[in-house]
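Below: one structure, written as structure tokens.
The values are calculated or read from the model by the stated rules, or taken from the named source; none is laboratory data. None of these values were measured; they are calculated from a predicted model. Neighbour counts are summed over all protein chains in view; Cβ atoms, including those assigned to glycine, are modelled from backbone coordinates with ideal geometry.
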Amino acid sequence: MDSYSSSSPPMGASPSPEALMEQIQAQLAEAYAKELIETMREKCFDKCITKPGSSLSSGESSCISRCVDRYLEATGIISRSLFSQQR
């Protein structure tokens, strides 16, 4: 089910500005999450997986875990910094 169907106004009626803003915010959040996951996947795979195979070695697994943790932490720091500057 997409984000439009649950809060769609009756046929012919315009959605309220608040409803439109909520839809836009939800779509932006989803796009940001997808981009974040894809970027982490690419960067951490390139850094940690030296010989792709059918399973991860323990070293590769711990490298990926640390890489994702650091990436999320850095993203959080940057986000908080940007939001605090906007206020």
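Below are the figures for this structure:
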read-out	value
Tabulated pairs, the stretch 41-59, first closer than 24 Å to LEU72 by Cα, second small (Gly, Ala, Ser) and at pLDDT below 95, C-beta under 7 angstrom, 6+ apart or interchain	none
Candidate set: the stretch 50-87, residues that are aliphatic (A, V, I, L, M) and touching a Cys at 6+ places or on another chain (Cβ under 8 Å); chosen: the one farthest from ALA33 (Cα to Cα)	ILE64
Residue that is in a helix (DSSP H, G or I), modelled with pLDDT of 90 or more and at negative phi, where the choices are SER62, SER55, SER84	SER62
Residue, surrounded by the fewest Cβ atoms within 10 Å (Cβ to Cβ), within the stretch 66-83, restricted to residues that are among the hydrophobic types (A, V, I, L, M, F, W, C) and either closer than 17 Å to ASP46 by Cβ or in contact (Cβ under 8 Å) with a residue 12 or more places away in the chain (or both)	ALA74
Count - residues of the stretch 16-60 that are over 14 Å from the mean Cα position of the chain (by Cα) and among the basic types (Lys, Arg)	3
